[in-house]
Each structure stands twice: as C-alpha cells, then as structure tokens.
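**Student:** Let me give you the structure first, and then I'll get to my questions.
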Amino acid sequence: MSPFRNPDLHCHSTRSDGFLTPRAVVERAVANGVDLLALTDHDELGGIDEALAAAEGSGLKLLPGVEISVSFVGETIHVVGLDIDHREPTLVTALSQLRAGRAERAVRIGDELARRGIRGALAGARALAPNPELVSRAHFARFIVSTGLMPDVKTVFDHYLATGKPGYVVHQWAELEAAVGWIRGAGGLPVLAHPARYRLSSAQMENLLDRFQAAGGEGIEVVGGAHTPEEMMRFAQVARRRGLLASRASDFHGVEEIRVDLGGCNPLPQDLVPVWSRFCARAQVR
Ligand code: AMP
Ligand code: MN
Ligand code: MN
Ligand code: MN
C-alpha cells in the first residue's frame, strides 16, 4: 500500500514561469496537505536545493524534478522527470543548452510581436522573468496583459502565442529519445506530461507513446489540472493498455493562473498503478 495520500507530481516556481519561490511552493503544498511533491520547472533545476531545504522536517517528501521541452513532429511535447539526481552532469549540461536556445527564441518572439505592432515585449517579458535564463511564453503573455491590450493570458495565447499564431516562432527543442535518456541517466522516472494538450492525430499519439516507451519512458499524467474528466478517462485507458505508470499532477503555476491548486487534483482511478508505487518500493529497499 502506498504511504502517500496526496501526491502532486508537477508544479512550477519562480525558477521558470511559476509565481511562487521554491520555498513558497513547498509551504503552500504542506498547507494543502500534499505529502509527496515534485518541483518540475521548465528546463531548469535551479530551484531544487531551495525546495529540498524547505521540505526538510515538514512531513512532505520532495522529489527533485524537471519538465523538459521536446520537439516531436512540429509540436512541443513536455516530458517530466521525477526523482532525478539534479546534479547529474549530462542532464545539467543538456538543460543549460536548452535554456540558451530558449533565450535566442525569446529574441525572435519579441521581433515577431513587434512586427504585429506590440513593442517592447522582449524587455517586458524579461522584466517579468525572475530567472533571466528562463523567459517563457507565459512571461510574454503576462506582459501583453499588463499593457491592457488583452484581458488575460489565455486570450493572448489564443491570439498570438499558441502554435501557428502570429507571434509564434518555430523552435527546435530536445529530441524525445534524448530527453528520456537524460532523465534515466540521472536516475529519474520519465513521465509524459499532460498528453491531452498536444495537437496530434491518434496515429501520431500512438507513435509518440511507442517512441516514448521504447526510449525508456515509464509514466503518463492521467489526472491533473490540464485534463477534463473525459481526457482523464481516455488516458487512464492508455495507461492500462500500455502498462504505463499513472501520475497525478496539478501543473500549478500560482493563484494568478490557477486551474487546480497544489494537491487539489482528483484521485487516480483505483486500478491504475501510480508512479509513486515506485518511490515507495525504493524507500522500502533502503
Ligand atoms: P514555453 O515553454 O516558453 O513555450 O511556454 C509554455 C508555457 O506557457 C506553459 O508551460 C504554460 O505555462 C504557458 N501556456 C501555454 N499555453 C497556454 C495557454 N493556452 N494558456 C495559458 N498558458 C499557456
Ligand atoms: Mn509553464
Ligand atoms: Mn507543460
Ligand atoms: Mn508544467
């Protein structure tokens, strides 16, 4: 039996596009009754030490994690790594290179928005990004909202920043097999993040899952802030059919852009094998 009653295995801090510091994320999770938390900033491990320190003595077990940006048939896919060694050199170097590419992409997004009449977006997004190496489209969206041009972040994505929109720029992120390999090389468990969010045909989704599992991917987010109940049922079925471990993931960024609070996800369907069964087994062996 799992000793964990309220796991939440995907969230963000100010080290990427979250609104709370790593310490504040852990404190909010503890207050919400989370007992197993993974901090999974985009392409970044810089918040892990602070989160580990904050979790010490709190009763919450903190898993070092990451959410890696991957390019797959022209779509951006996110692969979460759980329980990684956040000092493993190959992973650390690879993420540093992804962040360098991200900085170059930010310049191109700024140029593209300027061509559409939105000036100062690069400077505006940078000013809203606490980590200079991690300017996300979310920071561009928040800047555009702050100018009064658009009412909320979702509207900005719908008009400018989502795939194929006028401010969108094509970017080459990591290869799927490489990202899964870095996570495994750092002792971690690779989980496919929010599968319902990708614009893929059924055949492309099957191909993604084939390649993910062949590379050593083991888990899939089933219950979470990004999934409707129908999407949850669809991917619960995928987990059963493919023998994937199931994850529960708020993808919390802050109350400013909340879908589900830390620890606020529904329970997993009872018959699925949770990813955290793996962490219990490891704990028992030690
Ligand atoms: P990036 O990794 O810089 O391409 O930015 C992706 C981030 O933008 C996601 O992790 C979300 O935080 C945010 N995002 C993406 N799509 C949307 C959307 N439709 N509405 C609100 N936020 C979004
Ligand atoms: Mn994000
Ligand atoms: Mn994501
Ligand atoms: Mn996320």
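For (1) assigned by TED's automatic domain parsing to the domain that holds Ser69; (2) of a type outside the set (A, V, I, L, M); (3) within 16 Å of ligand 2 (Cβ to nearest atom), each residue gets a yes or a no:
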{"residue": "Gly167", "(1), (2), (3)": "no, yes, no"}
{"residue": "Pro190", "(1), (2), (3)": "yes, yes, no"}
{"residue": "Ala193", "(1), (2), (3)": "yes, no, yes"}
{"residue": "Ser202", "(1), (2), (3)": "yes, yes, no"}
{"residue": "Leu208", "(1), (2), (3)": "yes, no, no"}
{"residue": "Gly219", "(1), (2), (3)": "yes, yes, no"}
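**Student:** Let me ask you something else. Condition test on Gln237, is it within 16 Å of ligand 1 (Cβ to nearest atom) and exposed (fewer than 15 other Cβ atoms within 10 Å of the Cβ)?
**Tutor:** In short, no.
**Student:** Could you tell me whether segment 253-262 includes any residue that is away from ligand 3 (no atom under 15 Å from the Cβ), of a type in the set (Val, Ile, Thr) and closer than 23 Å to Pro274 by Cβ?
**Tutor:** no
**Student:** Then there is this: For segment 40-64, enumerate the residues that are open to solvent by less than 10 Å² (accessible area, probe 1.4 Å) and either of a type in the set (Ser, Thr, Tyr) or within 14 Å of ligand 1 (Cβ to nearest atom) (or both).
**Tutor:** Matches in segment 40-64: Thr40, Asp41, Asp43.
**Student:** Restricting attention to segment 224-232, does a residue exist that is charged (D, E, K, R) and within 15 Å of ligand 4 (Cβ to nearest atom)?
**Tutor:** No; the residues of segment 224-232 include none that is charged (D, E, K, R) and within 15 Å of ligand 4 (Cβ to nearest atom).
**Student:** Regarding Ala196, is this residue more than 20 Å from Phe4 (Cα to Cα), open to solvent by less than 30 Å² (accessible area, probe 1.4 Å), in a loop (DSSP other than H, G, I, E, B) and not β-branched (Val, Ile, Thr)?
**Tutor:** Here the answer is no, as Ala196 does not meet what is asked.
A quick yes/no check of all residues on (1) within 16 Å of ligand 3 (Cβ to nearest atom); (2) β-branched (Val, Ile, Thr); (3) open to solvent by 50 Å² or more (accessible area, probe 1.4 Å):
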| site | (1), (2), (3) |
| --- | --- |
| Thr76 | yes, yes, no |
| Gly81 | yes, no, no |
| Thr90 | no, yes, yes |
| Thr93 | no, yes, yes |
| Ala100 | no, no, yes |
| Glu104 | no, no, yes |
| Arg116 | no, no, yes |
| Ala127 | no, no, yes |
| Leu134 | yes, no, no |
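**Student:** Could you tell me whether segment 251-274 includes any residue that is within 25 Å of Val92 (Cβ to Cβ), basic (Lys, Arg) and surrounded by fewer than 15 Cβ atoms within 10 Å (Cβ to Cβ)?
**Tutor:** The answer is no, given that none of the residues of segment 251-274 is within 25 Å of Val92 (Cβ to Cβ), basic (Lys, Arg) and surrounded by fewer than 15 Cβ atoms within 10 Å (Cβ to Cβ).
**Student:** Now a separate question. How many residues are among the polar types (S, T, N, Q) and within 16 Å of ligand 2 (Cβ to nearest atom) when one looks only at segment 78-136?
**Tutor:** Final tally of qualifying residues: 2.
**Student:** Yes or no: segment 162-184 includes at least one residue that is more than 30 Å from Val273 (Cα to Cα) and hydroxyl-bearing (Ser, Thr, Tyr).
**Tutor:** yes
**Student:** While we're looking at this one, here's another question. Condition (residue is more than 16 Å from ligand 3 (Cβ to nearest atom), free of Cβ contacts under 8 Å to residues at least 12 places away in the same chain, under 20 Å from Gly263 (Cα atoms) and not aromatic (Phe, Trp, Tyr)) applied to segment 59-74: is it met by at least one residue?
**Tutor:** The answer is no; no qualifying residue exists.
**Student:** If I ask for residues that are within 22 Å of Phe279 (Cα to Cα) and touching a helix residue (DSSP H, G or I) at 6+ places or on another chain (Cβ under 7 Å), which ones from segment 1-26 would you list?
**Tutor:** Ser2, Pro3, Phe4, Pro7, Asp8, Cys11, Pro22, Val25, Val26
**Student:** Let me ask something else about it. Which of the residues that make up segment 1-33 are more than 16 Å from ligand 1 (Cβ to nearest atom), among the hydrophobic types (A, V, I, L, M, F, W, C) and not in a loop (DSSP other than H, G, I, E, B)?
**Tutor:** Once the filter is applied, which keeps residues that are more than 16 Å from ligand 1 (Cβ to nearest atom), among the hydrophobic types (A, V, I, L, M, F, W, C) and not in a loop (DSSP other than H, G, I, E, B), segment 1-33 yields Ala24, Val26, Ala29, Val30, Ala31.
**Student:** Assuming Gly187 fulfils every condition listed in (1) more than 17 Å from the chain's Cα centre (by Cα); (2) among the small types (Gly, Ala, Ser); (3) part of a helix (DSSP H, G or I) apart from one, which condition is it?
**Tutor:** (3)
The values are calculated or read from the model by the stated rules, or taken from the named source; none is laboratory data. Keep in mind that this is a model prediction, so the values were computed, not measured. Backbone-built Cβ (ideal geometry, glycine too); neighbour counts: all protein chains shown. To get the accessible areas, we keep the full protein, side chains included, count just its heavy atoms, and leave off ligands, DNA and RNA. Shrake-Rupley method; radii C 1.70, N 1.55, O 1.52, S 1.80 Å.
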